[in-house]
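Notes follow once the structure below has been shown.
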Ligand SMILES: CC(C)(COP(=O)(O)OP(=O)(O)OC[C@H]1O[C@@H](n2cnc3c(N)ncnc32)[C@H](O)[C@@H]1OP(=O)(O)O)[C@@H](O)C(=O)NCCC(=O)NCCS
């Protein structure tokens, strides 16, 4: 009998420190007006002393609480991050210990597409029957790999975490998912270290990334809808990776979806990479916009490049 991976709990966590565009005006040659107009971002959260696992832990506790499951009920932990606490062990393993879980745990790295890649992976384990309950997290401290003197990237990236608990369900859940990578785009968006023990910072060709993001995300949304025999009318909520409001508007327009059906957190969260989709999802669920039975389309694209989509009934 077919099993679906269904979201039964969501949670999120943001570090308390708010950095507004006005704060950035003090250290960078930029303005609040420029950042708002070009990106849609007004403020973002930045860690002070917290690590990626600290944020992931809080988001996971919140998601587990909604799911009414205990850490011991979880069969697998998949954590998507670009900013792990250590080179090893996986941040997921550190999280497993801190949660008091005893299941296998590993990290997935696909930058801003990381959460979609992690959901896609979790889906396989549930559908083939090797896991019943999976905790999937997107957690990032992007502020640690940003060059705070580079105005083209420092205004965009931010910190936060979101999590979901997936459980097997005989009726519904993830209906479709698709992931892509193309390393030919490495130079468009990457961290510029040459060795693993050398620190680097994010380097980005903004215009190039913008165009690729609009094209890939629009094509993927069209492909996903076609393969599900759906139209954009069947989508209740687009819960996208929050990179730039102009990217999201262009994608929504291309697939004929009203912006009223897009969950937006970009203005307050900035680009939190793998955390942005589960952060937006949790906000939509907790404020009552996302309801049981809604069709959700998740989409993300990230550095160098990886991109993917998940279509799920909530
Ligand atoms: C980065 C981004 C906001 C820049 O916006 P843009 O409209 O493409 O702006 P441009 O790079 O063409 O720059 C326009 C001008 O603004 C300047 N500028 C760049 N950053 C600026 C800033 N923070 N404040 C003020 N001016 C800035 C540029 O130097 C340029 O000046 P010039 O015309 O004198 O040369 C935009 O390209 C973007 O969002 N790209 C996608 C990035 C992204 O989402 N990455 C993550 C993907 S997961």
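At-a-glance table
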{"read-out": "Antiparallel DSSP beta bridges within the chain, as percent of all bridges there, nearest 5", "value": "70 percent"}
{"read-out": "Among 201, 83, 272, residue whose mean-square fluctuation peaks in a GNM of the chain (springs only between Cα atoms under 10 Å)", "value": "201"}
{"read-out": "Rg/Rg_ref, segment 4-169, where Rg_ref = 2.2 N^0.38 Å and atoms are Cα", "value": "1.11"}
{"read-out": "Residue 33-residue 148 pseudo-label distance in nm [points 7 Å out on the Cα-to-Cβ vector]", "value": "2.7 nm"}
{"read-out": "Segment 92-108 versus segment 288-314: alpha-carbon centroid distance in Å", "value": "24 Å"}
{"read-out": "Most to least packed among 90-97, 18-25 [average Cβ atoms within 10 Å]", "value": "90-97, 18-25"}
{"read-out": "Ordering of 105-114, 6-15, 249-258 by burial proxy (mean other Cβ atoms within 10 Å per residue, highest first)", "value": "105-114, 6-15, 249-258"}
{"read-out": "Computed E for residue 86/residue 261 - FRET, C-beta separation, R0 30 angstrom, nearest 0.05", "value": "0.15"}
{"read-out": "Estimated [θ] at 222 nm from DSSP helical runs (n ≥ 4, -39500 (n - 2.57)) normalised by residues in the chain, nearest 500", "value": "-9500 deg cm²/dmol"}
{"read-out": "Diffusion coefficient, µm² s⁻¹, Stokes-Einstein with Kirkwood Rh over alpha-carbon pairs of the chain at 25 °C and 0.890 mPa s", "value": "128 µm²/s"}
{"read-out": "Between segment 117-131 and segment 26-57, the Cα center-to-center distance that results, in Å", "value": "33 Å"}
{"read-out": "Mean separation of Cα contacts under 8 Å (6+ apart) over length of the chain, as relative contact order %", "value": "26 percent"}
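FYI, it's all coordinate maths here, none of it is from the lab. Since the model is a prediction, treat every value here as computed from it, not as a measurement. Note that we place each Cβ from the backbone using ideal geometry, even for glycine, and neighbour counts take in every protein chain shown.
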